[in-house]
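Visitor: Let me give you the structure first, and then I'll get to my questions.
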Amino acid sequence: GAEVVCWSISDNVNSATIIPFRLKHPKTGREIFDDEQRKVIVEAWCRFLQSSTPKTVQNINMEEIWNREYFNTKMNTFIHDTMVGSHVLNCCKYTTSLAFQVFEMTGHTYKGMVNRKNVQASSFEDLCNYSGFDSRYGLMAYYWQVERLKKIGKVFEF
């Protein structure tokens, strides 16, 4: 019963681009994009996923399942999984989630700002902020981890 409602992408920890794929406009209550527009968005997203642009994620297994199930494609040029990086740096239970990593890096707790089981019940603003935080903090975790992994010698190369 899951569906893609929105997602975000970031190449800068200070900003993110939100794709409100099936979000409803806060004033009209109608979906922002129609079926034709969503088709164009999916085609562009698939081109990005298949491109040579380097990509980092939090939990490659989940990302690949969603990409294959909902976009019928796989991701090329994957360079880092922050969940795996967290396992390498700190192999303690319950420390690999992005929520834990963000709290460790910044002290910010944002995961409770939306109902992740029913995201459509959340406000447009909360969904956009939540999605943007996910991308921005995922990138921040990547930079944070790379800095530490490089100090451990051959571990980063592995």
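The values are calculated or read from the model by the stated rules, or taken from the named source; none is laboratory data. These numbers were taken from a predicted model, which means no experiment stands behind them. So basically every Cβ, Gly included, is an ideal-geometry build from the backbone, and we count neighbours across all protein chains shown. Calculation scope for accessible area: heavy atoms of the full protein, side chains included, ligands and nucleic acids excluded. Shrake-Rupley method; radii C 1.70, N 1.55, O 1.52, S 1.80 Å.
Visitor: Quote the accessible area belonging to Lys39 in square angstrom, nearest 10, computed with a 1.4 Å probe and with ligands, DNA and RNA left uncounted.
Guide: 110
Visitor: Which of the residue pairs Lys24/Lys74; Lys24/Lys117; Lys55/Lys151 have a Cα-Cα distance greater than 24 Å in the structure shown?
Guide: Over 24 Å apart, Cα to Cα: Lys24/Lys74.
Visitor: What number comes out for the charge environment of Tyr137, summing +1 per Lys or Arg and -1 per Asp or Glu over other residues with Cβ under 15 Å away?
Guide: It works out to a net charge of -2.
Visitor: If you don't mind, another one. Net charge near Phe156: determine it from the other residues with C-beta under 12 Å of the C-beta of Phe156, scoring Lys and Arg +1 and Asp and Glu -1.
Guide: Net of charged neighbours comes to +2.
Visitor: Just how many % of Cα pairs in segment 74-131 lie over 16 Å apart, if you round to the nearest whole percent?
Guide: When all Cα pairs of segment 74-131 are counted, 58 percent exceed 16 Å.
Visitor: Among Asn90, Asn67, Asn118, determine the one that fluctuates most according to a GNM of the chain built with springs between C-alpha atoms less than 10 Å apart.
Guide: It is Asn118.
Visitor: Where does helix 60-71 land angle-wise versus the long Cα axis of the chain, in degrees 0 to 90, nearest 10?
Guide: With both axes taken from Cα atoms, the answer is about 20 degrees.
Visitor: Right, another one. Report the antiparallel proportion of the DSSP beta bridges in the chain as a percent, rounded to a multiple of 5.
Guide: Close to 60 percent.
Visitor: Regarding the chain, what is the average projected area of its C-alpha convex hull, in nm²?
Guide: 10.1
Visitor: Tell me, what % of the accessible area of segment 1-117 is carbon and sulfur with a 1.4 angstrom probe?
Guide: After summing per-atom areas, the C and S share lands at 52 percent.
Visitor: OK, next. With a probe of 1.4 Å, find how much accessible area segment 1-76 has per residue, and write the answer as a whole number in Å².
Guide: Roughly 65 Å² per residue, with all protein chains present.
Visitor: Looking at segment 55-98 from every direction and averaging, what is the projected area of its Cα convex hull in nm²?
Guide: 3.2
Visitor: Let me ask you something else. What's the ranking of 76-89, 93-106 by average number of surrounding C-beta atoms within 10 Å, highest first?
Guide: 76-89, 93-106
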